[in-house]
Amino acid sequence: MRRTSTRLADGRELIYFDLPDDPPRELEDARELPAPPPASELRFDELRGEWVAVAAHRQERTFQPPGDRCPLCPSTPDFLSEIPGPYRVVTFENRFPSFSDRTSEGRTMPGIRPGEGRAEVMCFTSDHEESFADLSVRDVRLVLDVWADRTEAMSALPGVEHVFPFENRGEEIGVTLSHPHGQIYGYPFVPPHVRRILDSLERDPGAFAFRLTREQAAERVVAADEHWTAFVPRAARWPFEVHFYPHRQLPDLPSLTEEERDAFAPLYLDVLRRFDALFDLPLPYMAGWFQAPVRQARDTFRLHLQLFSIRRASSKLKYLAASESAMGAFINDVRPEDAAQLLRDALPPFTGS
């Protein structure tokens, strides 16, 4: 992997990630841009025990522009985007970040502090019409290496407690830009979902290993290879939800071996393509890597990816109504066993290549 770092016109960092035989990249950003906004403000909810980021500048972010004005496509003579030229994979600091290192004095009272951290945009391809499932195995392997690179870099930043690479796909999910891309958050706290997992590991350090063994023996496995198992969890909350577990206990993406990285790419592409084949249309989904916090549970947390869609039928979406949104009590309309069978039947069996 070749790494080329540059600065955009307003000082934000941009990094090209390439294969060794790729051409040199354009480094000059010819735009005139205002200074980036200051960091968000974190406010603590005492009853929930959770931090909430207040980032009012995100109201101004670009929303569904025409295809020839997409800020994630490479710049052209007619339109200067966020990315100065063609690329294979690129990351850059978000222009409208949820977290950043541009902190100011602001308010200093109990329960309120600056939203220190980092938020990066990650573009998987310069082709506006592609999706992640259209990538080659070689390119997915590069993307995995980039996720690991950014996890390692963000974990070393002052104040970052947890690193979360993720992708949202589809207008139904709420994406504001249709170009295939994801984000990477360096949180200044451990997010609530991960904290609940940490609580479970305090009670039972072997919970991840037990879950993997149970699921490998169940009828909910969608695909597997020597290093990974992709399964619909027994208590899936979403209509179509697949978790990808490595067969070893390891805390984060940088810990993956070369063989584990090679094996992940074809397996992940297979399941993504099953999602799209399910109803013969592009399925909206969210996908995110769950990693150990930077300074906690490094020996007990197990790296894994969670992929799920809000579509429950060809013409029906799963909405987070009162039970889910207000109470956090999920009600799933699809039996996990049925979801796994539908995904297995969507394409021929996975062969590992």
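Structure values in brief
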| read-out | value |
| --- | --- |
| Candidate set from the range 94-117 (those that are in a strand (DSSP E or B) and in contact (Cβ under 8 Å) with a residue 24 or more places away in the chain); member that is surrounded by the most Cβ atoms within 10 Å (Cβ to Cβ) | Gly115 |
| Matching option when the condition is of a type in the set (Val, Ile, Thr) and surrounded by 18 or more Cβ atoms within 10 Å (Cβ to Cβ), among Thr4, Thr76, Thr91, Thr62 | Thr91 |
| Residue count, the range 187-208 (criterion: part of a loop (DSSP other than H, G, I, E, B) and under 24 Å from Phe99 (Cβ atoms)) | 4 |
| Count - residues of the range 34-47 that are free of Cβ contacts under 8 Å to residues at least 60 places away in the same chain and part of a loop (DSSP other than H, G, I, E, B) | 3 |
| Contacts under 6 angstrom Cβ, first residue in the range 294-307 being free of Cβ contacts under 8 Å to residues at least 60 places away in the same chain, partner polar (S, T, N, Q), 6 or more apart | Leu303/Gln291 |
| Failed criterion for Phe44 (all others in (1) surrounded by 14 or more Cβ atoms within 10 Å (Cβ to Cβ); (2) at pLDDT below 95; (3) more than 18 Å from Val121 (Cα to Cα) hold) | (2) |
| Number of the exception - Pro20 against (1) buried (at least 18 other Cβ atoms within 10 Å of the Cβ); (2) in a loop (DSSP other than H, G, I, E, B) | (1) |
| Residue in the range 219-242 that is out of contact with any helix residue (DSSP H, G or I) (no Cβ under 8 Å at 6 or more places or on another chain) and assigned to a helix (DSSP H, G or I) present | no |
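A quick yes/no check of all residues on (1) touching a residue at least 12 places away in the same chain (Cβ under 8 Å); (2) exposed (fewer than 14 other Cβ atoms within 10 Å of the Cβ); (3) among the hydroxyl-bearing types (Ser, Thr, Tyr); (4) assigned to a loop (DSSP other than H, G, I, E, B):
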residue	(1), (2), (3), (4)
Ala119	yes, no, no, no
Ser126	yes, no, yes, yes
Glu129	no, yes, no, yes
Arg141	yes, no, no, no
Gly159	yes, no, no, yes
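The values are calculated or read from the model by the stated rules, or taken from the named source; none is laboratory data. Owing to the predicted nature of the structure, the values given are computational and were not obtained by experimental measurement. FYI the Cβ positions are ideal-geometry reconstructions off the backbone, even for glycines, and counts take in every protein chain you see.
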